[in-house]
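Right, one structure below, let's go through it.
Derivation of every value follows stated rules applied to the coordinates shown; laboratory data play no part. Source: prediction; values computed, not measured. Neighbour counts are summed over all protein chains in view; Cβ atoms, including those assigned to glycine, are modelled from backbone coordinates with ideal geometry.
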Amino acid sequence: MTTEGRRETPSTAKRAAVQASVLRATEELLAEGNSYADLGIEKIATRAGISRTAFYFYFADKRELLQRLTEEINALLFEQANVWFSGAGDPRQEIRTALANIAALYREHAVLMRVIVEVATYEERVATFWRSTLGRFVDATERRILEERAAGRTTSANPRATAFALTWMTERTLYQDLVQEGPIPHDELVDALTGIWLRGVYDAGGA
């Protein structure tokens, strides 16, 4: 049986615990200043309390590990974005709430968010994964714009292009906020993003 086959066996409590330990160990090591490029499997396994051989039972390589970490964070990000994607209240308030919570998550997991974006610039497999991940947000944004247009709340003529531009603008903005020496105050950044989203989707400014 191949390693890949073993990783696809049904989940168990032990498996889940070990994987969580590895993911936690990796994020801790990155937060301590270890670069992704120099962070070896041996160091990750040691911090997680398992052997190097055991690591490969759960993860194919370091890229898969990074993707798994990112999937966990993106699940949290999508949950917050869904405040507007599936909202039924005031869309202006829903957009601001979603963006405020997403920006807070970016800052909370700053190290990991910086790593995934930076590794995506030179690892094609990671880049493909990241584009696919953002594509889920683009698709959901497009669906909501189409729903708003059908309900007569927007006259957006290019839902797909608008969704693409707004999603990637937000990703780039929040990433750059993490790498600048002096980050923009949270409320000011959220207000600016909210205004852009409102103008882009509803042709209306203001937060």
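What the table shows:
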{"quantity": "Mean Cβ count within 10 Å, highest first, over the residues of peptides 186-198, 142-154", "calculated": "186-198, 142-154"}
{"quantity": "Two-site label geometry, PHE57 and GLU32: point separation in nm, points 7 Å out along Cα→Cβ", "calculated": "2.4"}
{"quantity": "Calculated FRET efficiency for the pair ARG199/ALA150, C-beta based, R₀ 22 Å, to 0.05", "calculated": "0.65"}
{"quantity": "Shape of segment 164-207, Cα gyration tensor, a/c cut at 1.5", "calculated": "oblate"}
{"quantity": "Cα-centre dipole for segment 89-139 with unit charges at Cβ (Lys and Arg positive, Asp and Glu negative), debye to 20", "calculated": "60"}
{"quantity": "Inter-probe distance in nm under a simple model that places probes 7 Å from Cα toward Cβ, at THR128 and ARG107", "calculated": "3.6"}
